[in-house]
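Notes to accompany the following structure.
The values are calculated or read from the model by the stated rules, or taken from the named source; none is laboratory data. What you see is a predicted model; the values in this text were computed from it and never measured. With ideal geometry, Cβ positions are generated from the backbone for all residues, glycine too; neighbour counts draw on all protein chains shown. The area values use the complete protein model at the heavy-atom level, side chains included, leaving out ligands, DNA and RNA. Shrake-Rupley method; radii C 1.70, N 1.55, O 1.52, S 1.80 Å.
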Amino acid sequence: MKHYQRELDIIKKANRFRQRKIYDKNLVDLASNDYLGLASNKKLLTNAYKKVLKEKYISPKASMLVNGYSKIHQKFEQKLCKLNKFEAGIVVGSGFLANIALIESLVRKKDILFIDEDYHASGILATKLTQGLVVVFKHNDLNDLESKIKQHQHQNTNRIIIAIEGVYSMGGDIAPKGFNTIANRYNAILLVDEAHSSGVIGKNLLGWFDYHSIKPQQNHIKMGTLGKAYGSYGAYILSSKNIISFLENRAKAIIYTTAPSLFDIALGIQSLKYIIKHKKNISKKIKCYQDIIKKDLDMNVDSLIVPIIINDNKKVLEIQQKLINDGYIVGAIRQPTVSKAIIRLILKLDIKKKDIRKVIKNIKGLING
Ligand SMILES: Cc1ncc(COP(=O)(O)O)c(C=O)c1O
């Protein structure tokens, strides 16, 4: 008997079938989240490797609370806290685990979590694990959030937690500063997933708090990942001493899992140093790429994500395949990840300007053709 055949057939019929593939490495990559092109920087890799080689153990061997926590983890946490001006920090295995850890542990009975409808799937999954009330608000809509807070908050409510992303992974848009104002107005904790914003926005390229010049306070939580602009793998959470300590004591996705890979964190340290050292040039280049999009597509982009709405699952796959034939790989994002199918371009800084222009020209031709 072939298990799940009926379900697979339904997925295929809706043009939603997905399959992992190894693409030709010579394709110009406008699909991946390696925003700054650090994933091909061999110097960073060599430096990180040398640091790990100096250690007695090359693997964490255990969870952080047992004996898996190392000086490499601690150094990264301390560097991040100092730069981002947060009191405390903790490394986590991945962004997915970090969202599970945060939402599962922090949203307790009598608490209410208000979460943006476009929040990452890991956060939405985690809402199924909490005992608190979960209320979804319209994407980036301050009025909807505030009216829902007024509607649901009552005398018995303990904490209010608001969950947003700094830069949204599919739309590339930035959460407005007003979320911080609302969080302060209602004495709420503000959780910001910075997977796509850290390394890309802000005067110091540190992300959402930096971009809006918000000085971290006791109610702020910043979750950053290493798998995107940092060209590595893993994640971190920065917040107050109390919140970090609570996570260390209650978050199952932190407690019951092997500590993050030493090499990946060592590479994260190298990337962080690189970004800080080259922030002026990186920022200049980001602006230049955004200007190309303004000129060639008449679109204002705030990050390095360019969503081009196609609204047809079959057509996005056709466009993607035709671009592959021309030597380019782009994201063909369909439901359920997005409500309307999009071609998603990532303006990786290691891509030549002429290639970005050519891809845009080809896409325009394919849309109209
Ligand atoms: C907004 C957002 N949060 C969290 C994650 C998960 O991070 P990770 O890939 O490190 O598990 C991702 C992407 O993968 C993401 O786009």
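Couple of notes before you dig in:
- These residues, Glu248, Glu165, go from largest to smallest accessible area, 1.4 Å probe, as Glu248, Glu165.
- Segment 65-104: proportion of alpha-carbon pairs further apart than 14 angstrom, %: 56
- Considering only the chain, percent of DSSP beta bridges that pair antiparallel, nearest 5: 50
- Segment Gln217..Lys150, full-extension length gain: 21.8 nm, with 0.36 nm per residue of separation and the alpha-carbon distance subtracted.
- Size descriptors for segment 59-125, from the alpha-carbon set: Rg then Dmax equal 14.6, 40 Å.
- Per-pair calculated FRET efficiency, R0 = 22 Å: Gln78 and Lys54 via Cβ, rounded to 0.05: 0.75
- Relative to the Cα centre, the charge distribution of segment 241-369, modelled as +1 at Lys and Arg Cβ and -1 at Asp and Glu Cβ, gives a dipole magnitude of about 460 debye.
- Computed from the C-beta positions of Asn300 and Asp326 and an R0 of 30 Å, the FRET efficiency is 0.70 to the nearest 0.05.
- Separation in nanometres of the label points that stand 7 Å from Cα toward Cβ, at Leu8 and Asp24: 2.8
- For the chain, alpha-carbon Rg over 2.2 N^0.38 Å: 1.01
- Counting only protein heavy atoms and a probe of 1.4 Å, the accessible surface of the chain is 51% carbon and sulfur.
- Calculated log₁₀ intensity ratio I(q)/I(0) where the Debye formula runs over C-alpha points of segment 29-78, q = 0.17 Å⁻¹: -0.71
- Protection proxy ranking of 188-201, 131-144 - average other beta-carbon atoms within 10 Å, highest first: 188-201, 131-144
- Residue-normalised accessible area of the chain, expressed per residue, 1.4 Å probe, Å²: 51
- Volume per residue of the convex hull around the Cα atoms, evaluated for segment 115-193, comes out as 82 Å³.
- Where only DSSP H runs of four or more residues are counted, the chain gives -12500 deg cm²/dmol as its mean residue ellipticity at 222 nm, each run worth -39500 (n - 2.57).
- q = 0.24, 0.30 Å⁻¹: log10 I(q)/I(0) that the Debye formula gives for segment 272-335, counting C-alpha atoms only: -1.02, -1.16
- For segment 1-131, the alpha carbon positions stretch 53, 53, 33 Å along the principal axes, listed from largest to smallest.
- Normalised by the number of residues in the chain, the mean separation of alpha-carbon contacts (under 8 Å, six or more apart) gives a relative contact order of 24 percent.
- Unit Cα scatterers, Debye sum, segment 231-369: log10 I(q)/I(0) for q = 0.22 Å⁻¹: -1.24
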